[in-house]
Amino acid sequence: MKHIIILGDGMADWPVESLGGKTLMQYAKTPYMDKLASMGRTGRLKTVADGFHPGSEVANMSVLGYDLPKVYEGRGPLEAASIGVDLKPGEMAMRCNIICIEGDHIKNHSAGHITTEEADVLVKYLQEHLGNERVCFHTGVQYRHLLVIKGGDKRIDCTPPHDVPLKPFRPLLVKPMPGTENITVPEGGAELTPQQTADLINDLILRSQELLKNHPLNQKRMAEGKDPANSIWPWSPGYRPKMERLSDKFPQVKRGAVISAVDLINGIGYYADLRRLTVEGATGLYDTNYENKVAAALEALKTDDFVYLHIEASDEAGHEGNVDLKLLTIENLDSRAVGPIYEAVKDWEEPVAIAVLPDHPTPCELRTHTNEPIPFFIWYPGIEPDSVQTFDEASVCEGSYGLMKEDEFINEFMNPSTR
């Protein structure tokens, strides 16, 4: 049996008053997800382990069954792997957003969804003026980039910028983790103390604002009515992780693939030993090319045993607080991804198991991630269905899988029991 996970990032939500108290998944027209949920089995999955922030890296690693306390090293190292930066011992990697600051407040975490081509100009400019033997900036995708600090200490308190839209930025600058403020001897391969690392990063943030505010590219963006990309915001530090390959846990996965427009997902795929498939038109937004992603997934399933198809659009709509846009992304996931994949594989000679789920909720009301359990279903030819008839946050509470955690979901998906 072959396996495909279709991950609708941030798809889960809270009840919305304007939708009659329904969640977006309840309100959206999703005939294929409802059909497969009714034909398969459903449940909930706790994707955010106790003590962890509900980030996409945490949640997606949990979906794949990784033991987070053992392997988690932050988002930065995953994105480094995705863009081909081979971290050396003692090098600390951080996700480095390019954001929009308005006055003293964070207007948004994405600089108005700056393009990769525009951001590359700014990242190279920052490297020219701020980079040195200790500090190096690398271009990623859109607003998501990478900062590597040689000898940095990861014991620092950083705030993800998507968690704090419209908040003053100065109180959110980097701090040493509680209890490390007075450390004078670095730990492990670090050359800097936590306080020195925090001071260095904050200096880079403030200097980036001075450098970027009058950059010609930002002057052009503002003249066009766009948000300026006028600050960096580094967060989620870590060192090179030690993650087992998916094939080590599931020997039947002799070859697997990951399809995503997001570097951190591709980084997880890199350490899981999944080959990265680059898809033309994959943007990570509502305008992503679903058809090309589906075509790549179906082609991969012909030769591979496992495919992880990640679609970011709902998460970005949730961060924008845009209910109508998020509804559209959920319906697009159903009609342009789940449906075509099911219709293509349902009669294959070698059966294909399909699982659909978000990684975490991104409620439009809150505009950031939460850690509630998420809904999922598993379907494959011959599975004995449970009584659930629709796919949403509430219906699956009656599902036969109940509430799963840790690696229970991936174990059930890859090696189904008779429950």
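The values are calculated or read from the model by the stated rules, or taken from the named source; none is laboratory data. Bear in mind that the values here come from a model prediction, so they are computed numbers and not experimental data. As a convention, Cβ positions derive from the backbone with ideal geometry for all residues, glycine included, and neighbour counts pool all protein chains shown. When the accessible area is computed, the model is the full protein with side chains, heavy atoms only, and any ligands, DNA or RNA have been set aside. Shrake-Rupley method; radii C 1.70, N 1.55, O 1.52, S 1.80 Å.
Whether any residue in the range 62-81 is surrounded by 24 or more Cβ atoms within 10 Å (Cβ to Cβ), among the hydroxyl-bearing types (Ser, Thr, Tyr), under 20 Å from GLY269 (Cα atoms) and touching a residue at least 24 places away in the same chain (Cβ under 8 Å) is what I want to check. Yes: one or more hits. If we scan the range 264-278, do we find a residue that is among the small types (Gly, Ala, Ser) and over 26 Å from GLY65 (Cβ atoms)? Checking the range 264-278: not a single residue is among the small types (Gly, Ala, Ser) and over 26 Å from GLY65 (Cβ atoms). For the range 176-187, the tally of residues that are surrounded by fewer than 18 Cβ atoms within 10 Å (Cβ to Cβ) and either touching a residue at least 40 places away in the same chain (Cβ under 8 Å) or in contact with a strand residue (DSSP E or B) (Cβ under 7 Å, 6 or more places away or on another chain) (or both) stands at 1. For the residues ALA93, ALA37, the requirement of being aliphatic (A, V, I, L, M), more than 16 Å from GLY269 (Cβ to Cβ), in contact with a Ser or Thr (Cβ under 7 Å, 6 or more places away or on another chain) and open to solvent by less than 10 Å² (accessible area, probe 1.4 Å) singles out ALA37.
Of all the criteria given as (1) closer than 18 Å to GLY399 by Cα; (2) surrounded by fewer than 21 Cβ atoms within 10 Å (Cβ to Cβ), the one not satisfied by LEU325 is (1). With respect to VAL307, is the statement that it is in contact (Cβ under 8 Å) with a residue 24 or more places away in the chain, in a strand (DSSP E or B) and surrounded by 20 or more Cβ atoms within 10 Å (Cβ to Cβ) true? Yes. Looking at the range 358-368, is at least one residue hydrophobic (A, V, I, L, M, F, W, C) and under 22 Å from the mean Cα position of the chain (by Cα)? Yes, that holds for at least one residue. Count of the range 236-256 residues, restricted to those that are closer than 20 Å to THR159 by Cβ and open to solvent by less than 10 Å² (accessible area, probe 1.4 Å), is 1. Of the set (1) surrounded by 23 or more Cβ atoms within 10 Å (Cβ to Cβ); (2) modelled with pLDDT of 95 or more, all apply to GLY339 but (1).
Quick one: which of LYS302, LYS293 is open to solvent by less than 10 Å² (accessible area, probe 1.4 Å), assigned to a helix (DSSP H, G or I) and basic (Lys, Arg)? Within the list LYS302, LYS293, the selection yields LYS293.
Among the residues of the range 188-229, which ones are open to solvent by 70 Å² or more (accessible area, probe 1.4 Å), assigned to a loop (DSSP other than H, G, I, E, B) and under 30 Å from PRO178 (Cβ atoms)? Residues satisfying the conditions are GLY188, GLU191.
The single condition from (1) of a type outside the set (D, E, K, R); (2) surrounded by 15 or more Cβ atoms within 10 Å (Cβ to Cβ); (3) out of contact with any helix residue (DSSP H, G or I) (no Cβ under 7 Å at 6 or more places or on another chain); (4) free of Cβ contacts under 8 Å to residues at least 40 places away in the same chain that GLY151 fails is (4).
Within the range 261-280, restricting attention to residues that are assigned to a loop (DSSP other than H, G, I, E, B) and either of a type in the set (A, V, I, L, M, F, W, C) or open to solvent by less than 10 Å² (accessible area, probe 1.4 Å) (or both), the residue that is farthest from GLU79 (Cα to Cα) is VAL279. When ALA59 is tested against the conditions (1) touching a Ser or Thr at 6+ places or on another chain (Cβ under 6 Å); (2) open to solvent by 10 Å² or more (accessible area, probe 1.4 Å), the lone failure is (2). Exactly one residue out of VAL85, VAL135, VAL141 is within 26 Å of GLY179 (Cα to Cα), in contact (Cβ under 8 Å) with a residue 24 or more places away in the chain, aliphatic (A, V, I, L, M) and surrounded by fewer than 24 Cβ atoms within 10 Å (Cβ to Cβ), and it is VAL135. The set of residues in the range 342-365 being buried (at least 20 other Cβ atoms within 10 Å of the Cβ) and either within 23 Å of VAL16 (Cβ to Cβ) or of a type in the set (S, T, N, Q) (or both) consists of VAL356, LEU357, PRO358, ASP359, HIS360, PRO361, THR362, PRO363, CYS364. Restricted to the range 367-398, and to residues there that are farther than 18 Å from SER62 by Cα, aliphatic (A, V, I, L, M) and in contact with a Pro (Cβ under 9 Å, 6 or more places away or on another chain), the residue that is most open to solvent (accessible area, probe 1.4 Å) is ALA394.
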